[in-house]
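Q: The structure under discussion is supplied below as structure tokens; questions concerning it will follow.
The values are calculated or read from the model by the stated rules, or taken from the named source; none is laboratory data. As the structure is a computational prediction, the values presented were derived from the model and not from experiment. Backbone-built Cβ (ideal geometry, glycine too); neighbour counts: all protein chains shown. Only protein heavy atoms, including side chains, enter the accessible area calculation; ligands, DNA and RNA are left aside. Shrake-Rupley method; radii C 1.70, N 1.55, O 1.52, S 1.80 Å.
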Amino acid sequence: MRIRDAAIWLYRQMTDRNRQQLLRQLRRDSQFPVAILFYHRVAVSDIDNPWSISAGDFRRHLDWLQTNCDIVSLCAAQQRIRSPHNQRLAVAITFDDGYSDNARYAIPELVARGLPATYFVATDFVGAHVPFPHDADLGKPLAANSLDELQEFARQGIELGAHTRSHVDLGNVTDAQILKHEIAGSVEALNHWLGHPCRYFAFPYGQPRNMTQQAVNLIRQLRLAGFCSAYGAFNWPGHEGYHLRRIHADPGLERLKNWLTLDSRKLLDRTVLPFVDQTPALPHCLADFT
């Protein structure tokens, strides 16, 4: 076990009594949160970049998730968020960017287990089947998905979502035409490739500084079902569920377990967002845990 993983494991053991009390409160009031995870690349090893995970570690993630959570589609996750009650921890699985290695390791594993997932792609790179700039900058250009791979994912029941055309930081885009080119353009490309409407959008980078009211307004105008951020937060029952907060799942199983066994430090999203959004407050019964 890596030193960081060992430290997280020890912390989880030390706070177990608090976590068990919190779980009893959530179970009593049917107020379990919905966690939306995001991965990037599943491959033979995780050493190629900081946003890769090995195929073996990914299988261990899925083993633990299937034992401890309800794994649901993004649409079903929204339904649980919009309901006033959620009786069990629910998890939705998503991917960002569109790495070709996922066609060999991640997607077959999900399909074999009958698990839903949403797969967000930057359409200029997957359309041209060329590496992403953030990998090239590391000196490790990695192949993006091909169009054939994406269409096969869709046939296997994996939902495809938009992630801009060029993986641009939309927090720096104020020109309305560029914004439309990146957001609407990626949606239109997917609609054309798949033959049915794309329903979801994920912001590249996904931190508060990477999202703007102007971009959110356009996403709503396109009549998409929702959009995803990526700064690490739960989604609580009784909210609109249009902004879907996600948790980074790549770094390791112990970190993921710490999130999903409800570390009290991570429960309340105190992030200040640069757009109009209803921050999902904790249920009243959990006020003592924050």
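Q: Against the condition at pLDDT 95 or above, open to solvent by less than 40 Å² (accessible area, probe 1.4 Å), aromatic (Phe, Trp, Tyr) and in a helix (DSSP H, G or I), how does Phe120 come out, does it pass? Before the answer, list the steps.
A: Numbers: at pLDDT 95 or above: yes; open to solvent by less than 40 Å² (accessible area, probe 1.4 Å): yes; aromatic (Phe, Trp, Tyr): yes; in a helix (DSSP H, G or I): no.
Criteria not met by Phe120.
Q: Now for a different question. Among His163, His129, which is the only one that is of a type outside the set (Gly, Ala, Ser) and open to solvent by less than 60 Å² (accessible area, probe 1.4 Å)?
A: Values: His129 fails: open to solvent by less than 60 Å² (accessible area, probe 1.4 Å).
The match here is His163.
Q: Does His134 satisfy the condition of being over 15 Å from the mean Cα position of the chain (by Cα) and assigned to a helix (DSSP H, G or I)?
A: Yes; evaluated as a whole, the condition is true for this residue.
Q: List pairs: first residue in segment 168-197 and open to solvent by 20 Å² or more (accessible area, probe 1.4 Å), second residue aliphatic (A, V, I, L, M) anywhere in the structure, Cβ distance under 7 angstrom, at least six positions apart or on different chains.
A: Gly171/Met211; Lys180/Leu218; Trp193/Leu147; Trp193/Leu150; Leu194/Ala154; Leu194/Leu160
Q: Continuing with the same structure: If I ask for residues that are open to solvent by 40 Å² or more (accessible area, probe 1.4 Å) and in contact with a Gly (Cβ under 8 Å, 6 or more places away or on another chain), which ones from segment 132-160 would you list?
A: Of everything in segment 132-160, just one residue is open to solvent by 40 Å² or more (accessible area, probe 1.4 Å) and in contact with a Gly (Cβ under 8 Å, 6 or more places away or on another chain), namely Leu147.
Q: List pairs: first in segment 211-231 and more than 11 Å from Ala184 (Cα to Cα) and modelled with pLDDT of 95 or more, second of a type in the set (D, E, K, R) and surrounded by 20 or more Cβ atoms within 10 Å (Cβ to Cβ), Cβ under 6 Å, 6+ apart or cross-chain?
A: Cys228/Arg246; Ser229/Arg245; Ala230/Arg246
Q: Now a separate question. Among the residues of segment 66-91, which ones are in contact (Cβ under 8 Å) with a residue 60 or more places away in the chain, of a type in the set (A, V, I, L, M, F, W, C) and touching a helix residue (DSSP H, G or I) at 6+ places or on another chain (Cβ under 8 Å)?
A: Result: Cys69, Leu89, Val91.
Q: Still on this model: Anything in segment 258-273 that is surrounded by 17 or more Cβ atoms within 10 Å (Cβ to Cβ), at pLDDT 90 or above and out of contact with any strand residue (DSSP E or B) (no Cβ under 7 Å at 6 or more places or on another chain)? List them, or say none.
A: Asn258, Leu262, Asp263, Leu273
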